[in-house]
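All remarks here apply to the structure that follows.
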Amino acid sequence: MRIAFFDSGIGGITVLHQAMRLLPDEDYLFYADTLHVPYGEKRKEEVRKYVFDAAEFIANQDVKALVVACNTATSIAVEDLRQKYPFPILGIEPAVKPAVIESEKRRKKVLVLATKLTLKEEKYHHLVARIDKHDIVDSLPLPGLVQFAEHFEFNEEKVARYLSEQLDSFDTSEYGTVVLGCTHFPYFKDTIKKLFPHDTAVIDGGPGTARNLQRVLEARHLVNQTAQEGTVSFYQSGTKVESEETLRRYRNLLNRLDELQTLA
Ligand code: DGL
C-alpha cells in the first residue's frame, strides 16, 4: 500500500522529499491539484470542495496514509477529512512554535510567509494566539512564489526582485526566524535567506511532518517491512501522469531539493 501526498501543486514535493529521506523503502503517490492551483487566492468553500474531491480519488487508490502537504488545505479541511476516512491523515501547519521559542531567546521577531488563505484562517489565528505571548509574530502572503514555482521558474534574480518588493516595508534585521508556511516556498529558501541577516533562521514544517508520519506509521505497524527501493507515482487532478516530460520535471524537483539540502 502506498502513502499519499497531496497539494494544490508542486509544493507538496518539498514535504514528500523529506519523507523519502526518512522512509526510503515506501511507495508514494503524489497528487497535485494542478487544475485548481493556487488555493491560497481562492475562497475557502471552493478550496474545501477541491480538497474533498482529491481525497476521494486518493482514498480509492489503496493508500495506507495521507499527508495533506499543503498548509492552506490543512487549515481548512484536515479535521473534517479525518472524520471521513479510516486511514491516518496528517497535515502541515506553519512552524510558529519553534520559531517563537528561537526568536524570543534572541529578542528578535518572527516573520511567517504563507498564502493569503492560510493567514486568514481561524486555525492560524488560534495557533498564533496560543504561542505568541509577546506579540513578536508578523506575517506576509507571497502568492507570487506559488506562481513562480508552478511555472518552474526558479531564476534567482527574478524571484529576489519580487521578494525585495514584497519586503520593502519590513526591517529585515528585526527577524530572528522566518517561517516558510507554504510548501511551495522551500524551493526559494536560499534566495529568501539572502534577504535577511546571516544569522536569521529560515525554517519550514516539512521535516517535522515527515517525522510525524514516521511516528504514526510505526505506532500503527504500517511501515513497509520488505527491503525494496520505494517508488513514486504522480497524479494531476485525478489523472495519472504518464508524460515522460512531466515526470522528468517532477523528478528534477526532487533532485533540486537534494541539492538544496546538501547546501544547507
Ligand atoms: N502549497 C500550498 C500551501 O502550503 C498552497 C499554495 C497555493 O495553492 O496557493 O499552502
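Nothing in this text is a laboratory measurement; each read-out follows from the coordinates by a stated rule. From a predicted model like this one, the values you see are computed outputs, not experimental measurements. With ideal geometry, Cβ positions are generated from the backbone for all residues, glycine too; neighbour counts draw on all protein chains shown.
Data for the structure
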read-out: Relative contact order (%) - segment 111-228, alpha-carbon pairs under 8 angstrom, separation at least six; value: 27 percent
read-out: Between segment 130-169 and segment 8-48, the alpha-carbon center distance in angstrom; value: 19 Å
read-out: Nearest-ten-degree value, helix 244-263 long axis tilted from longest Cα axis of the chain; value: 50 degrees
read-out: Difference of contour (0.36 nm per residue) and Cα-Cα distance, THR172 to ASP62; value: 35.0 nm
read-out: Contour excess over end-to-end distance, with Cα ends at LEU254 and GLN214 and 0.36 nm allotted per residue; value: 12.5 nm
read-out: Above-threshold pairs, the threshold being 28 Å between Cα atoms, out of LYS133/LYS193; LYS109/LYS189; LYS84/LYS193; LYS64/LYS194; LYS64/LYS123; value: LYS84/LYS193; LYS64/LYS194
read-out: Convex hull of Cα atoms in the chain, direction-averaged projection (nm²); value: 13.8 nm²
read-out: Residue order, fewest to most beta carbons within 10 Å, for THR118, THR183, THR191, THR246; value: THR246, THR191, THR118, THR183
read-out: C-alpha long axis of helix 71-84 to longest principal axis of the chain, angle in °; value: 40 degrees
read-out: Spherically averaged projected area of segment 188-233 from its Cα convex hull (nm²); value: 5.4 nm²
read-out: Cα Rg over Rh - segment 107-212, Kirkwood; value: 0.95
read-out: Distant-in-sequence amide H partners of VAL232 (H built 1.01 Å from N, under 5 Å); value: TYR28
read-out: Length released on extending from GLU45 to MET1, taking residue separation times 0.36 nm less the Cα-Cα span; value: 12.7 nm
read-out: Helix 206-219 vs. the chain, principal-axis angle (Cα, 0 to 90°, nearest 10); value: 40 degrees
read-out: Relative counts (whole %) of C-alpha pair distances in segment 6-101, using bins that are 10 Å wide; value: 15, 50, 30, 5, 0
read-out: Estimated FRET transfer efficiency when R0 is 45 angstrom, pair ASP135-HIS221 (beta carbons, to 0.05); value: 0.50
